[in-house]
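See structure below.
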């Protein structure tokens, strides 16, 4: 066995041990960043170290600082687990080490991307001829889609941003729901579009069509505009009324974008698809495969109805590149150097199939309902949102008590449930987003929450 094989064998053993520990280990980490950095060694060695020994050191030093995010009892942020087929495929991605940019240079990676993205469009009920780019995550997927939107709406008004830039361009009005995800504002800043106009929402964070109509009416009748909607509010899980909102926006010539970081996959479930009624009427959509679909980090999906709008915004030419006249994978995203992100997407879709994806999504929603029922039965607890998808927000009375319950849950270590603030109240937030979460995980997590609430 040579040095590479020894290192890979050690990595395999450590990975298997880590995954086997998830059922019993504490979910929060046991060590701080400084402690792990010290264990890794702060001074660069003068000489070489055997690769297998490096792997052993990395595993031993890192273990106390690892959060059990792949555990079925991690409910913080919106963090997906990794399906076994996707994880194994991602190991191959690292071994193959392909820069998945050009069809002619990396045909295997390009083929996986073609097949996987076609399957995704079919599953989500989106136009089959839409362009799909695989970016780092939903933030960059939103960036990619909104870059295409920015340039397209300016072209409609006689301004070519690609050649002239933004200086002197007509101002683009961007309308968003008051409870959009903060990354939308970040992306708009990156794109030079400034602060968006916030439109009033209902008590679940859904944009109100009457308020959107009024906001559209307040602006120039023929000015460039973008309306950004949301599939899955990060606190309530609610979905904007896409049919009404998209119709209103299109009547005024606006581009309609949907941020569906975790919620877009509701469209893959016959039982939950009603939440996304009118979704396909939009012009672009962004989501994360590393959330609800459960592929490894990182994998965002940027989907744009008008392929030329996306490639005009993203593509480039280099004389040294072997480019395909029909288009290459790098034409749809900001990066020229690209990991083969489509390979684990292909793998999880091939493993689950259409019915399996629907069952995956529905199981997450069922676990969220079980959490809502369990929380509601705790003395002094109140579920604040209508649990329609995978998010649960709860209060335990005063803000101080709610924050204390969150602290106790994390100290207990059985599960990870995050604190947040929603509608001017401190909340404990539960986000179910892992293929491996079981009824037992939900039961153990609720037991921990009852202990924390009992104080």
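The values are calculated or read from the model by the stated rules, or taken from the named source; none is laboratory data. Keep in mind that what you see is a predicted model, and the values were worked out from it rather than measured. Cβ coordinates were reconstructed from backbone atoms using ideal geometry, including for glycine residues, and neighbour counts include every protein chain displayed.
Residues being within 27 Å of the chain's Cα centre (by Cα), part of a loop (DSSP other than H, G, I, E, B) and more than 27 Å from residue 345 (Cβ to Cβ) are represented in the range 32-55 by at least one member.
Just to be sure, is residue 186 within 26 Å of residue 330 (Cβ to Cβ), surrounded by fewer than 20 Cβ atoms within 10 Å (Cβ to Cβ) and in the same structural domain as residue 338 (by TED's automatic domain parsing)? Yes; evaluated as a whole, the condition is true for this residue. Candidates 254, 246, 268, 225: the one that is closer than 28 Å to residue 369 by Cβ and surrounded by 21 or more Cβ atoms within 10 Å (Cβ to Cβ) is 268.
Within the range 1-22, one or more residues are outside any helix (DSSP H, G or I), more than 24 Å from residue 339 (Cα to Cα) and more than 30 Å from the chain's Cα centre (by Cα).
Pairs meeting the criteria (first residue in the range 49-60 and closer than 15 Å to residue 1 by Cα, second residue surrounded by 15 or more Cβ atoms within 10 Å (Cβ to Cβ) and modelled with pLDDT of 95 or more, beta carbons under 6 Å, at least 6 apart or on different chains) are 51/7; 52/6; 52/7; 52/10.
Listed residues 139, 82, 117, 106; which is in the same structural domain as residue 294 (by TED's automatic domain parsing) and either in contact with a strand residue (DSSP E or B) (Cβ under 6 Å, 6 or more places away or on another chain) or within 19 Å of residue 351 (Cα to Cα) (or both)?
Being in the same structural domain as residue 294 (by TED's automatic domain parsing) and either in contact with a strand residue (DSSP E or B) (Cβ under 6 Å, 6 or more places away or on another chain) or within 19 Å of residue 351 (Cα to Cα) (or both) holds for just one of 139, 82, 117, 106, which is 117.
The residue list 383, 405, 345, 409 contains one member that is buried (at least 17 other Cβ atoms within 10 Å of the Cβ), touching a helix residue (DSSP H, G or I) at 6+ places or on another chain (Cβ under 6 Å) and closer than 30 Å to residue 99 by Cα, which is 345. Evaluated against (1) touching a residue at least 12 places away in the same chain (Cβ under 8 Å); (2) more than 26 Å from residue 121 (Cα to Cα), residue 208 falls short on exactly one condition, (1). Would you be able to say whether some residue in the range 66-83 is farther than 30 Å from residue 443 by Cα and not in a helix (DSSP H, G or I)? For the range 66-83, residues farther than 30 Å from residue 443 by Cα and not in a helix (DSSP H, G or I): absent.
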